[in-house]
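A.B. asks: Quick one: the structure is below, and I'll ask about it shortly.
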Amino acid sequence: MASKAVEKRQQAAPAKVDPRDEPSAEWGWHGGFPKGGRIAGWLSVVVLLAMIYNNHENNTENVWLVGIAIAIVIGLLLDLRKRRTAWRR
């Protein structure tokens, strides 16, 4: 039973990506920027925390700035954990 499935897979031609669906397939690049996204995330956290030292009338802005920065840090740490344990799965 397994041999028939293997034969079918070997006979099937690999599906090509339609350039109209994904224009980057035409010139060969088909990936993401994982390092760039992490760097941008940490820079966003630094910028958000640097915005605390401005002329604010009350602390509502500070609560939002710190809250958003914490949410980004949690996302970055979860991504770090996911990358470290990906090889175990």
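Every number in this text was worked out from the coordinates using simple rules, so none of it is lab data. No experiment lies behind these values; they were computed from the predicted model shown. When we count neighbours, we look across all protein chains shown, and the Cβ atoms used for this are built from the backbone with ideal geometry, even at glycine.
A.B. asks: So what J values fall out for segment 35-51 if you push phi through Karplus, 6.51 cos²θ - 1.76 cosθ + 1.60 with θ = phi - 60°, rounded to Hz, Gly and Pro as x?
C.D. replies: With the stated coefficients, segment 35-51 comes to 5, x, x, 5, 5, 5, x, 5, 5, 5, 4, 4, 5, 4, 6, 5, 6 Hz.
A.B. asks: Along the Cα→Cβ direction, 7 angstrom out, place labels at GLU61 and ARG81. What is the inter-label distance in nm?
C.D. replies: 3.4
A.B. asks: A follow-up question, please. Which whole-Hz couplings ³J(HN,Hα) result when phi for each residue of segment 76-82 is put into the Karplus expression 6.51 cos²θ - 1.76 cosθ + 1.60, θ = phi - 60°, listed in order with x for Gly and Pro?
C.D. replies: These are the phi-based 3J(HN,Hα) values: 5, 5, 5, 5, 4, 5, 5 Hz.
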